[in-house]
Amino acid sequence: VDILNPEQDFSGYHLLVIPMLYLLHPDTAKRIRDYAKQGGTVVLTMHTGVVDAHDLCYMGTTPAEGLAELAGIRFLEIDPLYDKQYETMRIVKAPFPLAETYRLERLCERVAAEGAEVLGVYEHDNPCMPDGMPCLTRNSFGRGTAYYLGGFAEDSFFSDFLISLAEKLGIEPALDTTLPHGVVAASRQAADGTVFCFVMNWTREARSVNLPYPMKDYETGKAYQAKLPLAPYGAKILVRL
């Protein structure tokens, strides 16, 4: 995963995940739309494209600057939830393996599908979020695809959804294993073809990573056959043996 700023080039990526891009510059919106038109896959979430670069609210529909058209939805209302209050999203059409339901907290949007395919809906009927109201959608845009999530979903949804979507797009993980909570992996390839895998533990507890194949520590030369121990907030640079 690469963390990009809005001015960077998106063209080299198969998947662009844009969580809650509240402040949206028109140039950024155009580049996102162009990326999708050219075949890219975009994931947008609630509360995107609400204000411009001067923190002034966009008039009319949101996400503004054509992102609602990209997503194939129309924003109606947003509902902030109290602590311990939640909504339930029921998956009605799974494009890849997902659980039947997921919990949504903090913020939930009411949206109408305007061309988008509905993948998930709100399950519990209440005045703000009627039963069956779209919550997760998919829309074709040019040669690409846009997904829109209208609520703040639990972590398991993002794990299931993004991992499955990446697999569908043929995106290979930096390390083909299930990583423990708080551990991330990233890879970079040198000019000579050597692939370096950076494994980082962002927790205050020690972690152990199951390795899919033997690897060695690039700095010390120590080999790891099946398990990689990580100290609290520890990191390793690995190469395959």
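Once label points are set 7 Å from the Cα along Cα→Cβ at both E105 and K30, what is their separation, rounded to one decimal in nm?
The answer from the label model is 4.0 nm.
Once phi is turned into θ = phi - 60°, what whole-Hz ³J(HN,Hα) does the Karplus curve with 6.51, -1.76 and 1.60 give for every residue of the range 38-50, x standing for Gly and Pro?
Result, ordered by residue: 8, x, x, 10, 10, 10, 10, 10, 4, 6, 9, x, 8 Hz.
Given a Förster radius of 35 Å and the C-beta distance between A190 and Y22 as r, what FRET efficiency does 1/(1 + (r/R0)^6) yield to the nearest 0.05?
So, using R0 = 35 Å, E works out to roughly 0.40.
Nearest 10 degrees is fine. How inclined is helix 155-168 to the longest principal axis of the chain, computing both from alpha carbons?
Taking the Cα atoms of the chain, the angle to 155-168 is about 80 degrees.
Which order results if L241, L67 are arranged by neighbouring Cβ count within 10 Å, fewest first?
L241, L67
Based on other C-beta atoms within 10 Å, arrange D131, D2, D79 from fewest to most.
By the 10 Å Cβ count, ascending, the order reads D2, D131, D79.
Quick check: the angle from helix 26-37's long axis to the longest principal axis of the chain, C-alpha only, nearest 10 degrees?
So the inclination is approximately 70 degrees.
Assuming a ≥ b ≥ c are the square roots of the Cα gyration tensor eigenvalues, decide whether the range 152-241 counts as rounded (a/c under 1.5), prolate (otherwise, with a/b larger than b/c) or oblate.
oblate
Using the basic label-point model (7 angstrom from Cα toward the beta carbon), what is the L179 to D55 distance in nanometres?
3.3 nm
Which value, in Å³ per residue, describes the convex hull spanned by the Cα atoms of the chain?
Taking the convex hull of the Cα positions in the chain, it is 153 Å³ per residue.
So for the range 45-157, Kirkwood radius off the Cα pairs, Stokes-Einstein at 25 °C and 0.890 mPa s: how many µm² s⁻¹?
Taking Rh from Cα pairs, D becomes 171 µm²/s.
What's the lysine pair count for the chain at a Cα cut-off below 25 Å, pairs eight or more apart or interchain?
7
Whole Å is fine, so just give me how far the alpha carbon centre of the range 15-76 lies from that of the range 199-241.
38 Å
Report the charge-dipole magnitude of the chain in Debye, nearest 20, computed about the Cα centre from +1 at each Lys and Arg Cβ and -1 at each Asp and Glu Cβ.
820 debye
Read-outs: derived from the displayed coordinates by stated rules, not from any lab. It should be emphasised that the depicted structure is a prediction, and the values quoted were computed from it without experimental measurement. Please note: Cβ atoms are built from the backbone with ideal geometry, for glycine as well, and neighbour counts cover all protein chains shown.
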